[in-house]
Structure formats: structure tokens, C-alpha cells
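Visitor: Take this structure, written in C-alpha cells, and hold onto it; I'll ask about it next.
The values are calculated or read from the model by the stated rules, or taken from the named source; none is laboratory data. For clarity, every value in this text was computed on a predicted model and none was experimentally measured. Cβ: placed from backbone, ideal geometry, glycine included. Neighbour counts: every protein chain shown.
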Amino acid sequence: METPTPHIGSRDASFGDAGDKQAPYFASEMAAQDHAAHCDGGGLHDGLDAGVTANDRRDMQRMGKTQQFRVSTVASRSCPNMSIAPWNLMIFCTEKLSNGVDDWVYHLCYGHLDHLANVSWELSFGGITALLTRRRSNTQGLIAGGMSGLFWSLCWSHAGQFFIVLSLAELASMAPTAGGQYHWVSEFAPRQHQKLLSYLSGWLSTVSWQSIVALDAFLIGSIIQGLIALNNDSYSPTRWQGTLLVFASVIGVSLFNVFAAKHLPLAEGSFVTLYIFSFFPVIVTLLVLAPKQSASDVFTKFTDNGAGWPSISLTVMVGQVSSMFVVLGSDSVAHMAEEIRDASVVVPRSMVWSFILNVPFTFGLLITYLFCIGDVQEALNSKTGFPFIYVFQNATGSTGATTGLTIVVLVLLTMITISSLASTSRQTFAFARDNGLPFATWLGAVHPSWHVPVNSVFFTCAFSMAFALINIGSTVAFNAMLSLSTVALMATYVVSVGCVTLKRIRGEQLPLCRWSLGRYGLPINIVALLYSCWSFFWSFWPNSYDINAENFNWACVLFVALMGLSCILYYVKARHVYEGPVVMVEGHKKN
């Protein structure tokens, strides 16, 4: 039988004795023992209970949630500590991705070369920039700070984001739920403010993750167009063709998430294999064949290549946005928590280790890429619309080899999008389950046979298709929506980490958790909060000092508009139907 959740300070409390006041999961130890008594045999039962441990049951009971997913859908089986690590490697990016992060694939695709209009699904990987929109300006990272600014800003961005990852990992251990940030805000915010703060966090998280899927699908379509242009000199890409390719990619990914969800573990394993074994050929190819930059240009030469800001220091601060977004998306795997065996341990460990393990891949690719970039302007003006394709071609001198390397990147991006959509649909489902979205009953439903939130998957598909249509009418409007996704996701980090930090400062009780920051919890939370506020602040800055409609960062306008719309919805209807998930949590339930 699974042992009860250990107290802080046990061997499962990763950072030792917490020193915080911890609230018990249950009203009494007897209740916990009675509950665990129903979980003989490791908590394995037929149906939805298969694979669920005693600790999983206790977590769900404490949060007042019902098990609606099969754990075997996503969680891995024989190696629980690393079972979901491939998921975060795909998204963390988180994604993206998840992950969400992070990933060398995104460093290639966005290359930090195209204009980073604060667009993001740099989610954990590299910057999602206007490489999505092809040849539109230059990358914020290279324009504002040059190669040295890009490299060093990525160093401090990784350091700062690591504290956010640690904080989110502990929150995921305290409350392993698909809701993620909005649930944590509801549970840890001051009681009088939890409803509104949780509701706003839920909307921010929903919009950001929905946009992330659209970004991934759009990138897939654009890369396909780039490959066609590479192999056919007479081809001239059009926006409507790209939109149709987005439709095809997102429909295919959605169908996989509905009808082949049980094969997600296989997709995870395939991704990790391809991820690792394709990384080194790409690196070796570039290092051996591509022309090289000097070490001084890469590491010590900070330049303003057109941003126009008054000082080089301010220029680098503006340019750091691309690096900040590279490490974003750490919450991706948290939204899969209800489908992961022993989630209160596996999820946080995965979040932390996937971040750490991706660091050498990220810097290895970035350093190689900066040394091998060649002529930046030629790369930006490539007919394919993607500088990384130009770099491949410049290194190999072969259209066939370039096509092969690009297809590898395309396959990895497709896998990332599959995982990204899975996390997004679970987050949307969870918020609807708590009556946070319109049509909550429909969006919060899980298919009784497939045990997948089919309606949320189809909604995500429809959102991405509608999102892609915007680009046909206006590239500026499309970029504006992309920029909002990053700002919104960072805002959820600010609020969720801020709430648990305040609770610790006040000395209030926290739930027991099996993966704890221990006595270091408060300083780690404070650093995470400061860095998330820092990132949030710089995310609103425009790329250039001389502003026009093309380079203006519309995230500030759209963020205010989203918050205004959310507040209107809250006061008109949601405050009457949305209580926040905390009202179902043990110790907080309404009588």
C-alpha cells in the first residue's frame, strides 16, 4: 500500500526541513488513514482508478476533484521519476512547450534572428519571433544588443527562470491539478481577493496557451512554405496558403489528441530519441561546414543594430526579451498532472530536471548558431523566410541536405504541437470545470469512453484556425495577438508566485507537499517573484526607439483590453457562478 504523504523534512522533501507552517491534507490523521486503506495494491484499480496511487487519491480528495482521466493516457509507467520528462522536453516548454522551454528546435526556428516583437513561444525553447511572419524586421535579440547581448542575456534569463521553475514545481506538488496557476492563486491568495485574482489568472492562462497552439501550428505551415520555396525558385509564398497549411496541421494534431491519445507516451519516447540524436548531427554539420564568427564578436561585442535606444545598456535590456521568452512555459506539464501517476512527486521533479537538462542543449545550439550565423542580413532576407534554413543551406551547400535537416526540425515541431495542444486542452477543461469560461458545461466535459476532453480539444482547434485567419487580413494584428500570449503567461507566474510568497511572509499554513523547497522556500519565492516582475515589465517595451504601427508592442494595449473584458465578464456573470476552486479544498470548504 502507498505510504501517506511524508512530512516536510523527510527524504521526499527535496530541500530539507521547510520551517513553514504546513496545513494537513485531512481534518484528522484518522481520515487520512481511512482513505489510504481504500488504496491497497498500490492504489491500482480497474477503470479510471488504474494507475492511481494513494497519494494521487489523497491529492484529488483534498482539492475536491474527481478523477476523470486515465492515468495511463500520459503518465509513464516503469520509471515514475522520469515518466513525464519527455513531456516537458517537448513543451517546456513550454513550449513548449512545454513546455512548455529551452529547446534547440526553437532556437533554430526563430534563431533569435527574426524580429522578436515580444511574440512568444519561446516558450521554453527559443524565441517565437516574427520568423513566424517571415522577413519582417530583425530579431529583437540581435538588433538590440547584438550577439553578445543575446548570449549574456540568455545566461541571466536562465538563472532567473530557474527560481520560477522551482517555485512552480513546489506549487505543483502542493496542488497537482490541470488548472495550474489559477487554482494555485485561488488556494493561496488572500481569501477576500481569491475569486477575482483566480478568475483573471484563469483567463490569462487560457488565452496564452490557446495562442501558443496557434503559434506552433502557424510555424509548421510557414516552414512547409519555406521548404517549397527552397526547392522551387518560382514559388512565392502567400498568407492565405500559409493559413490553409495551419488549418491542416492543427486539424491533424487535434485528431491525434482525440483518437490517438493513448499513443502519447509513444510520441514522447519518439520525441526524446529524435531530439537527442538529431541535435548532434545539426551541431556537427554547422561547426564543420559553416563559416565562423570570431569569439570576440560573439561574447564581448555589444551592438545596437538599429534599435535606436539612447544607451547600449538600455538597448541590451530591451533586447533581453528574446532570451527571457526562451525559458518560458515551465507550467506545461503541470496541466497534465491529473493524468500522471504519483503526480505530486513526478510533476515537480520533471519540471526541474527538464529545465536543467535542457540548459546544455540550449547553450550548445545558441553558441554554435552565433558562431555559424554568417551574414545576418542575408539570413534575414532568405527567400525561405527562415534564417535557420539559410544557415543550413549556407553550411551544407546542398538543397537536399538542407531539406533533410529542416524536415527533422519540422517533425520535432509537430510533436511539440501535439503536446502543446494536450496541455492547452486540459487547462481549458479545468477552468471550464470550475465555471470560469462561457459554455462551461460543454468545455468541461470529458468523453466517457476516450477519457479525453474532446470538446476542449476541438475548441482549441477552432481557436487556432480563427487565429490564423487574422494573418490574412493583417500581419500587424496577428503579431499583436502573438505578443499577448507571452505577456499573459508571465502575468500568471507573477500572481501565482506572489500569492505563495505573501502566504509565507505572513507565516500562514501551507499544504504538506512531497516535493518541497523547505527552509529555502521564501528566498526562492522572492527571487522568482522579482524576476517574473522584471520580465513582465520588459515584455511591454517596443523593439525600436522610433515607434510606428509595425514595430509597436501592442501587448500593452491588448493586455489591458483582456483584463478589462475579463473584469466585465466577472462582474456581469462570473461572480455569481465562479467561486474559485479553493471552495472545494479541504479546510476551505463552505459549510
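Visitor: Considering only segment 544-576, how many residues are part of a helix (DSSP H, G or I), of a type outside the set (A, V, I, L, M) and either under 24 Å from the mean Cα position of the chain (by Cα) or on the phi > 0 side of the Ramachandran plot (or both)? Walk me through how you get there before you give the answer.
Guide: Initially, segment 544-576 is screened for residues part of a helix (DSSP H, G or I), giving 555-576.
Right, trim to of a type outside the set (A, V, I, L, M) and you get 556, 559, 564, 566-567, 570-571, 573, 575-576.
Checking which are either under 24 Å from the mean Cα position of the chain (by Cα) or on the phi > 0 side of the Ramachandran plot (or both) leaves us with 556, 559, 566.
Residues that pass the stated criteria total 3.
Visitor: Being over 18 Å from SER322 (Cα atoms), modelled with pLDDT under 90 and out of contact with any strand residue (DSSP E or B) (no Cβ under 6 Å at 6 or more places or on another chain): is that true of PHE218 here?
Guide: It is true that PHE218 is over 18 Å from SER322 (Cα atoms), modelled with pLDDT under 90 and out of contact with any strand residue (DSSP E or B) (no Cβ under 6 Å at 6 or more places or on another chain).
Visitor: Could you list, in sequence order, the residues of segment 484-531 that are under 23 Å from GLY580 (Cβ atoms), aliphatic (A, V, I, L, M) and in a loop (DSSP other than H, G, I, E, B)?
Guide: LEU512
Visitor: So which pairs qualify, if the first residue must be in segment 306-320 and in a loop (DSSP other than H, G, I, E, B), the second must be exposed (fewer than 14 other Cβ atoms within 10 Å of the Cβ), the Cβ gap must be under 8 Å, and the two must be at least 6 apart or on different chains?
Guide: Taking only residues 6 or more apart or on different chains, the pairs are GLY308/ASP546.
Visitor: Select from segment 532-543 the residues that are in a helix (DSSP H, G or I) and buried (at least 23 other Cβ atoms within 10 Å of the Cβ) and write down the one among them that is modelled with the lowest pLDDT. Break it down into steps so the answer makes sense when it comes.
Guide: Keep residues of segment 532-543 that are in a helix (DSSP H, G or I), which gives 532-538.
So of that shortlist, the ones also buried (at least 23 other Cβ atoms within 10 Å of the Cβ) come out as 532, 535.
Values: SER532: 94, SER535: 91.
Of everything passing the filter in segment 532-543, SER535 is modelled with the lowest pLDDT.
Visitor: Only one of ASN471, ASN455 is at pLDDT below 90, assigned to a helix (DSSP H, G or I) and either on the phi < 0 side of the Ramachandran plot or crowded, with 18+ Cβ neighbours inside 10 Å (or both). Can you tell me which?
Guide: Details: ASN455 fails: at pLDDT below 90.
Just one listed residue meets the conditions, ASN471.
Visitor: Please work out if SER449 is hydroxyl-bearing (Ser, Thr, Tyr), surrounded by fewer than 17 Cβ atoms within 10 Å (Cβ to Cβ) and at negative phi.
Guide: Working: hydroxyl-bearing (Ser, Thr, Tyr): yes; surrounded by fewer than 17 Cβ atoms within 10 Å (Cβ to Cβ): yes; at negative phi: yes.
Criteria met by SER449.
Visitor: Based on this model, can you work out whether ALA229 counts as out of contact with any Phe, Trp or Tyr (no Cβ under 9 Å at 6 or more places or on another chain), farther than 22 Å from HIS576 by Cα and modelled with pLDDT of 90 or more? Steps first, please.
Guide: Numbers: out of contact with any Phe, Trp or Tyr (no Cβ under 9 Å at 6 or more places or on another chain): no; farther than 22 Å from HIS576 by Cα: yes; modelled with pLDDT of 90 or more: yes.
Taking the combined requirement at face value, the residue does not satisfy it.
Visitor: Have a look at ALA175, ALA189 and point out the one that is more than 21 Å from SER419 (Cα to Cα), touching a Leu at 6+ places or on another chain (Cβ under 8 Å) and crowded, with 24+ Cβ neighbours inside 10 Å. Break it down stepwise before answering.
Guide: Details: ALA175 fails: touching a Leu at 6+ places or on another chain (Cβ under 8 Å).
It is ALA189.
Visitor: I would also like to ask the following. Kindly indicate whether ARG341 is basic (Lys, Arg) and part of a helix (DSSP H, G or I). If you could, list the steps in order and put the result at the bottom.
Guide: On the way: basic (Lys, Arg): yes; part of a helix (DSSP H, G or I): no.
So ARG341 does not fit the description; no.
Visitor: Still on this structure, please answer the following. Does segment 191-208 hold any residues that are within 26 Å of ARG514 (Cβ to Cβ) and either of a type outside the set (Gly, Ala, Ser) or in contact with a Pro (Cβ under 9 Å, 6 or more places away or on another chain) (or both), and which are they?
Guide: ARG191, GLN194, SER198
Visitor: Another question, then. Out of everything in segment 150-180 that is hydroxyl-bearing (Ser, Thr, Tyr) and over 30 Å from GLY580 (Cα atoms), what residue ends up being nearest to the chain's Cα centre (by Cα)? Steps first, please.
Guide: The first filter runs over segment 150-180 and keeps only residues hydroxyl-bearing (Ser, Thr, Tyr), leaving 153, 157, 167, 173, 177.
The next check asks that each one be over 30 Å from GLY580 (Cα atoms); those that pass are 153, 157.
Numbers: SER153: 20, SER157: 15 Å.
Among those residues, the one meeting the criterion is SER157.
Visitor: Name the residue, out of LEU380, LEU443, LEU413, LEU365, that is at pLDDT 85 or above and surrounded by 17 or more Cβ atoms within 10 Å (Cβ to Cβ). Please lay out each step first, then the result.
Guide: Working: LEU380 fails: at pLDDT 85 or above; LEU413 fails: at pLDDT 85 or above; LEU365 fails: at pLDDT 85 or above.
Going through LEU380, LEU443, LEU413, LEU365 in turn, the sole match is LEU443.
Visitor: When you go through LEU510, LEU489 one by one, which is the residue that is closer than 29 Å to PHE552 by Cα, touching a Phe, Trp or Tyr at 6+ places or on another chain (Cβ under 9 Å), of a type in the set (A, V, I, L, M, F, W, C) and surrounded by 21 or more Cβ atoms within 10 Å (Cβ to Cβ)?
Guide: On the way: LEU510 fails: closer than 29 Å to PHE552 by Cα.
The conditions single out LEU489.
Visitor: Mind checking whether some residue in segment 391-405 is modelled with pLDDT under 85, in contact with a Phe, Trp or Tyr (Cβ under 8 Å, 6 or more places away or on another chain) and within 30 Å of LEU437 (Cβ to Cβ)? Even if it seems obvious, please write down each step before you answer.
Guide: Let us first name the residues in segment 391-405 that are modelled with pLDDT under 85, namely 391.
Filter once more, so that each one left must be in contact with a Phe, Trp or Tyr (Cβ under 8 Å, 6 or more places away or on another chain): 391.
Filter once more, keeping what is within 30 Å of LEU437 (Cβ to Cβ): none.
Scanning segment 391-405 turns up no residue that is modelled with pLDDT under 85, in contact with a Phe, Trp or Tyr (Cβ under 8 Å, 6 or more places away or on another chain) and within 30 Å of LEU437 (Cβ to Cβ).
Visitor: To continue, here is another question. Yes or no: segment 164-175 includes at least one residue that is in contact with a helix residue (DSSP H, G or I) (Cβ under 7 Å, 6 or more places away or on another chain), not hydroxyl-bearing (Ser, Thr, Tyr) and not in a helix (DSSP H, G or I).
Guide: Taking segment 164-175 and keeping what is in contact with a helix residue (DSSP H, G or I) (Cβ under 7 Å, 6 or more places away or on another chain), we get 164-173, 175.
With not hydroxyl-bearing (Ser, Thr, Tyr) added as a condition, the list becomes 164-166, 168-172, 175.
So of that shortlist, the ones also not in a helix (DSSP H, G or I) come out as 175.
The answer is yes; a qualifying residue exists.
Visitor: Would you be able to say whether some residue in segment 477-499 is touching an Asp or Glu at 6+ places or on another chain (Cβ under 9 Å) and of a type in the set (Phe, Trp, Tyr)?
Guide: Within segment 477-499, the subset touching an Asp or Glu at 6+ places or on another chain (Cβ under 9 Å) is 479, 486, 489, 492-493, 496, 499.
Retained after the next criterion (residues that are of a type in the set (Phe, Trp, Tyr)): 493.
Within segment 477-499, one or more residues are touching an Asp or Glu at 6+ places or on another chain (Cβ under 9 Å) and of a type in the set (Phe, Trp, Tyr).
Visitor: Looking only at segment 476-507, count how many residues are modelled with pLDDT of 90 or more and either over 30 Å from SER211 (Cα atoms) or out of contact with any helix residue (DSSP H, G or I) (no Cβ under 7 Å at 6 or more places or on another chain) (or both).
Guide: The total comes to 6.
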